[in-house]
Structure formats: structure tokens, C-alpha cells
Amino acid sequence: MIGMVRLVLAGLVAIMVMGTARAEDGLKAKIGVLRLSSSAPVFIAQDKGYFRDAGLEVELKFFDAAQPIAVATTSGDVDFGITAFTAGLYNLAGKGTLKVIGGMSREKAGYPLIGYFASNKAYAAGLKTPKDLAGKRVAVTQVGSSFHYSLGLLADKYGFKLAEVKIVPLQSLSNAAAALKGETVDAALLPVSTARKLMDEGGAKFLGWVGDETPWQLGAVFASPKTLTNRAAVTKLLGALAKADREYHDVILAAMKGGVAPINEQTRPLLEIVAKYTNLPVEQVVGNCAYIDPDGKLDVTNVDNQIKWLQEQGFADKGFNADAIIAKEYVKAD
């Protein structure tokens, strides 16, 4: 009888332990992302099971512009956002509703990501280089977006006023691409993955890469204060991303030459994952590999410069800086 009681008690303990393990391993998270190579480590971590292995069940939720991801993260529609910095994101963070917890994509020379593209009509009329954008109608997703900021950096570089550029905010990448093809704008800033189809069809002309003209910290990982209370989920997410960041850098980015990744035995599996999530053929992904720091570091100085610029332009609220929006216990500063 005593033996049976012991067996029952042992069984109950085992069930309790298993239940605890399942609860720990059963952490769930929704991540808001764009279907762009700038989120390549997210796709790798999801497809190769790095999130799952860390004990985190992840659902990817896709958007067509960066700013809605910030809003969704604040509202709780997603737990983490991984996308480009925008004025709207900074304003939310400045109010304390978002915190930056890691770095992601960067505009860097030699790594094609966001480009300047001209309509055929404007190109024929003399719009041949990025510095010719002064006085032109240029499509972006939103006022204060990463595209808008890139134009501001370009204006500073070439000595023209940003006010001379006629900004046309069209709310989504697909709308901006359609306006460029339809020649209702002279130019647009677009990810190469969005613009390539236009170029292949003869619907737009390439002018240059943002990374070659004005490198900067483009994207980050961020979360709401509520999500940050779940330290286990945050730690698991960042751990899985760190593994994917390193793999993406060492296998694909380290092999790139002339802005193009080779397709070989080592790179193909990762390129196929990026192709799967960006809805592009592998042959296009090779020229569309965004730079990401191998350690997931964030260029905090550049983030502070972005905030100051947006505040000076009136796109971001005053009264906060990079230190106020960064979760220092998680961020690896560069």
C-alpha cells in the first residue's frame, strides 16, 4: 500500500514537473515584420526552429509599412516589432509605450536595400542621380518614415533643402510602386525587392542606393512595456535572433561581392528561406541582402542623431533622446 502511495506521489510530481516545463516551453509571441530581407534573421530563426528550440512559439504577422508595426506593438496586436525606425515609432517610444531592445538592419555601403528610383518620364527629362531629386515629386510610405529620413540625409549631403522635395506619402510600398509605374510621381524610395519587378518590366529606372549615399541604422527590435515584463519571452526571442544574426552574417553577408551573394552549397539553404518569406525567387534575393550586425548591435549614436533630426523637422516630439527609449539591459550598443 505504501509502495502504491509512493508511486502515485511520484507520478503527481512528474506531472507537475512536466506541466511546469510545458508552461515554460509554451511561451507564445507574435512578431510584426515586413516581407523584406531586412528581417532575414527573423525568417531564419522561424524556419530553422531557433525560436521553437528556445521555448518560444512564434507567429509572424506581416505588414506593408513600418509605422503600422509600431502601432500594433503598442496596442498589443503583436508582442514584438522588427522594422525600420520612423517618426511615429519614436513618438510612441518617447511617450513610454515602446522600448528598443535590439538592432536589426542597417543601410551600409555595398549591401543593396533601399534605393532611389525614377519614373521613365522623369529619367528621360534629366533625373539621373539621387542628387537630382531636389524639386521633384518623390513617393514615400509616410511622412517621417525611414524613406523620408533618407531623403533628409541626402539633402544634407548635397546641399539642397528638403523642403525643395515634394514629398508624396502614399501609406504603403505597393502604392508607392504603383505611383512610380503610373508616373504620377517623379521618383520613389523603395526596397529593391519591391522595385526589381518594376525595373524588370521597364517601369522604372535605378538611381542609386541609400546605403552607398548615406549609411545609417535602419531597423531595430522593439516591444511594449507590457511585453517586457515577460523577461523569459524577451530573453528567448533575443537569444534565437542572436543565433540567426550570426548565421546570416557569416554565411551570406561574408560571402557577398559587389552587392551580390553567391548561390552555393553553404548559402542556398538560407537564401531559400529568405526567398520563401519575401515571396521572391532566390535569384533576386542574392542582390537584396540587407546588412545586419553579426552580434545584433545597435548604433545608439546614430539613433540619437535620427531623433534629433526628426525633432528639428517637427516630425518627432521634443523632450526625449535615445537613452530614454532604449532598454539598456537588452541592447548591445555599437
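The values are calculated or read from the model by the stated rules, or taken from the named source; none is laboratory data. Quantities reported herein were computed from a predicted structural model and do not represent experimental measurements. Here Cβ is always computed from backbone atoms with ideal geometry, including for glycine, and neighbour counts include all displayed protein chains.
Any residue that is of a type in the set (Lys, Arg), touching a residue at least 24 places away in the same chain (Cβ under 8 Å), under 29 Å from residue 243 (Cα atoms) and in contact with a strand residue (DSSP E or B) (Cβ under 7 Å, 6 or more places away or on another chain) - is there at least one of those in segment 136-146?
no
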Handout entry: Residues that are over 17 Å from the mean Cα position of the chain (by Cα) and either outside the structural domain of residue 101 (by TED's automatic domain parsing) or crowded, with 18+ Cβ neighbours inside 10 Å (or both), drawn from segment 229-242
Key = 233, 234, 236
Exercise for the section: Name every residue in segment 163-176 that is over 17 Å from residue 84 (Cβ atoms), hydrophobic (A, V, I, L, M, F, W, C) and assigned to a helix (DSSP H, G or I), in order of residue number. Expected result: 163
Exercise for the section: Please tell me if residue 74 is surrounded by fewer than 24 Cβ atoms within 10 Å (Cβ to Cβ) and either free of Cβ contacts under 8 Å to residues at least 24 places away in the same chain or of a type outside the set (A, V, I, L, M) (or both). Expected result: yes
Problem - Every residue from segment 178-188 that is part of a helix (DSSP H, G or I) and either closer than 11 Å to residue 119 by Cβ or in contact with a Lys or Arg (Cβ under 8 Å, 6 or more places away or on another chain) (or both) - result: 179, 180, 181
